[in-house]
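Down below is the structure, laid out as structure tokens.
The values are calculated or read from the model by the stated rules, or taken from the named source; none is laboratory data. Predicted, not measured: the structure shown is a model, and the values here were computed from it. Neighbour counts are summed over all protein chains in view; Cβ atoms, including those assigned to glycine, are modelled from backbone coordinates with ideal geometry. Only protein heavy atoms, including side chains, enter the accessible area calculation; ligands, DNA and RNA are left aside. Shrake-Rupley method; radii C 1.70, N 1.55, O 1.52, S 1.80 Å.
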Amino acid sequence: MSKLETIIEVIKKELLAAIKKQNELINDFGVNINKINIQVELTKNPKFGDFASNVMMTLGLNRTDAMKFAEKVASLLPKNIFSDVQVVNPGFINMFLNPEFNSDTIREILKDEDDWGKFHSKKTFYNIEFVSANPTGLLHIGHARNAAIGDTLCRVWECYGIKVNREYYINDGGNQIEKLGMSTLVRYKQVCGLNDQLPEDAYHGLEIVDIANQIKNKVKEQYLNANYDKDKILEKAVADYFKSYAKDYLLTVIKQTLTNFGVHMDIWFSETQIYEKKLIDSALDILHSNIYQKDNATWLKTTNLGDDKDRVLIKSDGSYTYFAPDIAYHNIKLSRGYDKCFNIWGSDHKSYADRMKIAIQLLGYPKDSLEILIMQMVRLVKNGEEFKMSKRSGNSLTLQDLLDTIGKDAARWYLISQSISTHLEIDVDKATHKSNDNPLYYVQYAHARINQLLQKGNLNKIRNFNLLTTPTERTLINLLHYYKHTIQIVATTYEVHKMTLYLSNLAKAFHHFYANNMIIDPTNLSLSSQRLHLAKAIKQIIKNGLDIIGITAVDKM
């Protein structure tokens, strides 16, 4: 098998080659070879083969003909890949892999080690923006899921041979930063001893108090007489100082929290650049044919591409809506020449995502040049109730609180363990419990258990693994084959939860193997050596998979 191919691709290629040789199928039955959709699945029970396909049942044939052509296809599949091929009513093709073919895969894993499963460069370049929390407070648990999904997806893409830029959009050009400056000033006055009241719509997080104390220690009472007007707007010099100080402080905390979570960003893009460089004007110039004036406001004709109503870009008072700078920002990203740009947004942005995809088309980009993944919310539970233990506010659970409670590895595992389209609950007790009920513990324990086995056993250099023929051993080998396919599936469907599912299945199969077989058997050194090498290959794949998720593969538990 070529290192450029997955096991599924190899089998599909051989099936298609065999089908193409069936002239009767093509001429008499009018089967269009170019439209055949070959599906290959890992079998649930190896007694029915290692992999199976129902391709003959998808060609519109009756049962008799499906069986007839399935037998012909089976007879043409190469013996160096398949030791046996069986056809089962009403046309299933069950394929048994050649032991030597399996041996090649085990040898490759042991030789390539950390590099096994990595694809060659595809000369493809993606950009993904994720997290991008406003620098007005700490990262909370919702941002945690966003960060885990985004970073894992990047790691999968890089393994798949795709270059990635991770980007964080700093929303520092709007009213929220004005409010941050005002909130910090009020807190500053309070820590200086004044009885100033924090407005209800201000930022009430205790991190603002920390910032205020730092400012007090730095400038003493220099700004004690500063104030804000009836619209809660600070005079410019004061506003610039408090906004800048608070934003820089919170960005530093955000960056450190992401580092603690194992996430780094390649680009930190500030919204203020959009205004300083007049990039909104540049975007509006491109959109001019789809812009019109109504009620003293500037509108974008989004209904031209299916929106339920047109959208305002510039309000009647001359100020921009959120939509305008967002369009300019996406124009900047797309103009850099990426093959595709991605955003990960919360479920409350679903309609806004549709609107943004319309805007980039109006800018002249293909619809599929922007992919927006919508993520459902997450909460922490304990004893069946929502777990709120934030040290900062007692309300919103922060990402750092999550790390302090269950640890980085557990947080990253559980945050990607379910489809992003489903609401997620993380059970604190389960996530921290060292038992087989905790899937992360179960996977890490498999890695540690194999490590202990390898210290006890004798790993003589061997070439063939022809003794590994039991259903349990074949299941494990098939799962090793399936690793690269899992990488490909996640890289192309963005379903990162399939990485944890794969690792859980591999660990489960190994623990079953360990419980029912004597891996180190002094009376059969050849079999023991082959089983130990198989275990070492499994350990390597567990490590590689955990690395992609950003989790430590422990050697001892």
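Structure summary
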item	result
For L370: the one exception among (1) touching a strand residue (DSSP E or B) at 6+ places or on another chain (Cβ under 7 Å); (2) touching a residue at least 60 places away in the same chain (Cβ under 8 Å)	(2)
Failed criterion for K68 (all others in (1) surrounded by 14 or more Cβ atoms within 10 Å (Cβ to Cβ); (2) modelled with pLDDT of 95 or more; (3) closer than 19 Å to V10 by Cβ hold)	(3)
Among residues of the range 142-169, those that are of a type in the set (V, I, T) and either in a helix (DSSP H, G or I) or under 30 Å from E386 (Cβ atoms) (or both), counted	3
Residue under evaluation M182, criteria (1) within 29 Å of F342 (Cα to Cα); (2) of a type in the set (A, V, I, L, M); (3) open to solvent by less than 10 Å² (accessible area, probe 1.4 Å); (4) at pLDDT below 95, criterion not met	(1)
Selection count where residues are of a type in the set (S, T, Y) and surrounded by 11 or more Cβ atoms within 10 Å (Cβ to Cβ), scope the range 1-50	2
Count - residues of the range 107-141 that are part of a helix (DSSP H, G or I) and open to solvent by 10 Å² or more (accessible area, probe 1.4 Å)	9
Check on L397, under 30 Å from K350 (Cα atoms), among the hydrophobic types (A, V, I, L, M, F, W, C) and modelled with pLDDT under 95	yes
Residue tally, condition under 19 Å from K309 (Cβ atoms) and not hydrophobic (A, V, I, L, M, F, W, C), over the range 349-381	8
Failed item in (1) touching a residue at least 24 places away in the same chain (Cβ under 8 Å); (2) part of a loop (DSSP other than H, G, I, E, B), with D104 passing the rest	(2)
Tally, over the range 273-290, of residues that are β-branched (V, I, T) and open to solvent by 40 Å² or more (accessible area, probe 1.4 Å)	1
Extreme residue, surrounded by the most Cβ atoms within 10 Å (Cβ to Cβ), among residues of the range 299-347 that are of a type in the set (V, I, T) and in contact (Cβ under 8 Å) with a residue 12 or more places away in the chain	I327
Any hit, the range 361-370, residues being among the aromatic types (F, W, Y), surrounded by 14 or more Cβ atoms within 10 Å (Cβ to Cβ) and more than 22 Å from T257 (Cβ to Cβ)	yes
Scope the range 76-112; condition out of contact with any strand residue (DSSP E or B) (no Cβ under 8 Å at 6 or more places or on another chain) and acidic (D, E); matching residues	E100, D104, E108, D112
Which listed residue is under 27 Å from E473 (Cα atoms), in contact (Cβ under 8 Å) with a residue 24 or more places away in the chain and of a type in the set (A, V, I, L, M, F, W, C), from V40, V31	V40
Filter result for the condition that a residue is under 24 Å from V164 (Cα atoms), within 27 Å of the chain's Cα centre (by Cα) and of a type in the set (K, R), over K340, K382	K340
Total residues in the range 160-208, condition more than 27 Å from T321 (Cβ to Cβ) and among the aromatic types (F, W, Y)	2
Subset of the range 416-433 [in contact with a Ser or Thr (Cβ under 9 Å, 6 or more places away or on another chain) and either assigned to a strand (DSSP E or B) or open to solvent by less than 20 Å² (accessible area, probe 1.4 Å) (or both)]	I416, L424, I426, V428, A431
Complete set of residues in the range 342-370 that are hydrophobic (A, V, I, L, M, F, W, C) and in a helix (DSSP H, G or I)	A353, M356, I358, A359, I360, L362
Residue pairs meeting the criteria (Cβ under 8 Å; at least 6 apart or on separate chains; first under 15 Å from G174 (Cβ atoms) and of a type in the set (S, T, Y), in the range 268-287; second open to solvent by 20 Å² or more (accessible area, probe 1.4 Å) and at pLDDT below 95)	S270/G173; T272/G173; Y275/G173
Criterion violated by S75 - all others in (1) open to solvent by 70 Å² or more (accessible area, probe 1.4 Å); (2) modelled with pLDDT of 95 or more; (3) not in a helix (DSSP H, G or I) satisfied	(3)
Residue that is farthest from Y126 (Cα to Cα) [pool: residues in the range 503-512 that are surrounded by 21 or more Cβ atoms within 10 Å (Cβ to Cβ) and not small (G, A, S)]	F510
Members of the range 83-101 found to be touching a residue at least 60 places away in the same chain (Cβ under 8 Å) and within 15 Å of S53 (Cβ to Cβ), listed by number	I93, M95, L97
Any hit, the range 234-251, residues being in contact with a strand residue (DSSP E or B) (Cβ under 9 Å, 6 or more places away or on another chain), part of a helix (DSSP H, G or I) and under 30 Å from C154 (Cα atoms)	yes
